[in-house]
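Below is one structure, written out as structure tokens, with a few remarks after it.
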Amino acid sequence: MAEEIIDKNDNEEQEQEQEKNSKAGLVVAFIMLALIIALLAMGITFYFVIRDVQTGQINVEGENVSIEATASITGVPNPPTLDKIVINADGASGQDSWQNLDLVFTEETSIITITINVYNVNEINSLALVFDNLTTAENINIEQYYYLNGQSDVHMITNQDPVYLTGGDYATFVVNFSIKDRMQSVTDILNINIHCTNIEL
């Protein structure tokens, strides 16, 4: 009889131990599942953020003008080196665009900045510069402004409104790109045109 009671107690203890182990295993399984879901969510977010790319070009055009244009891109890994653009009124001209630019956002808070300087090399005639940013903006914010001759006065850029440069002056155009919705990929195409018109005095 005593042995039966001891066996019964042992069985109950074993059942309680097994029940505790089952509950602990269940809790661990739920925790692991939550961690996996969290990691998957982060992975999906990172996937979209890292693959957000804009590809396109910046064109500088003008006839009968003497200009030099320089540009730089910041906020991207391994930013491209952009050669100077030189357009001479005498007929000799260099390249007139920066092409095949891939702008990769490395994280959702990234800001990619394009800075373009256009110099009026002609010391007598003026220039009218029309800055036209045709980049689509489905999932990006675009902030753009310019200033003259390195001065601190900042002017917002309005597409198609000319910026006037007297002889020997230069304009600096700044364009900032950022992501609107980090859960969506960016399929926008970078397309900036600057048209320069000579104004004879």
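In table form, for the structure just shown:
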{"quantity": "Residue under evaluation residue 185, criteria (1) touching a residue at least 40 places away in the same chain (Cβ under 8 Å); (2) under 20 Å from residue 69 (Cβ atoms), criterion not met", "calculated": "(2)"}
{"quantity": "Answer residue from region 75-88, given it is open to solvent by less than 40 Å² (accessible area, probe 1.4 Å) and part of a loop (DSSP other than H, G, I, E, B) and is modelled with the lowest pLDDT among those", "calculated": "76"}
{"quantity": "Matching residues in region 58-70 - criterion: being surrounded by 21 or more Cβ atoms within 10 Å (Cβ to Cβ) and not in a loop (DSSP other than H, G, I, E, B)", "calculated": "58, 60, 62, 67, 69"}
{"quantity": "Output for region 121-145, where each listed residue is touching a residue at least 60 places away in the same chain (Cβ under 8 Å), touching a Phe, Trp or Tyr at 6+ places or on another chain (Cβ under 7 Å) and over 20 Å from residue 67 (Cβ atoms)", "calculated": "140"}
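The values are calculated or read from the model by the stated rules, or taken from the named source; none is laboratory data. Being a predicted model, the structure only gives us computed values, none of them experimental. In this analysis, Cβ positions are derived from the backbone assuming ideal geometry, glycine residues included, and neighbour counts consider all displayed protein chains. Just so you know, the surface numbers come from the protein's heavy atoms only, side chains and all, with ligands and any DNA or RNA stripped out. Shrake-Rupley method; radii C 1.70, N 1.55, O 1.52, S 1.80 Å.
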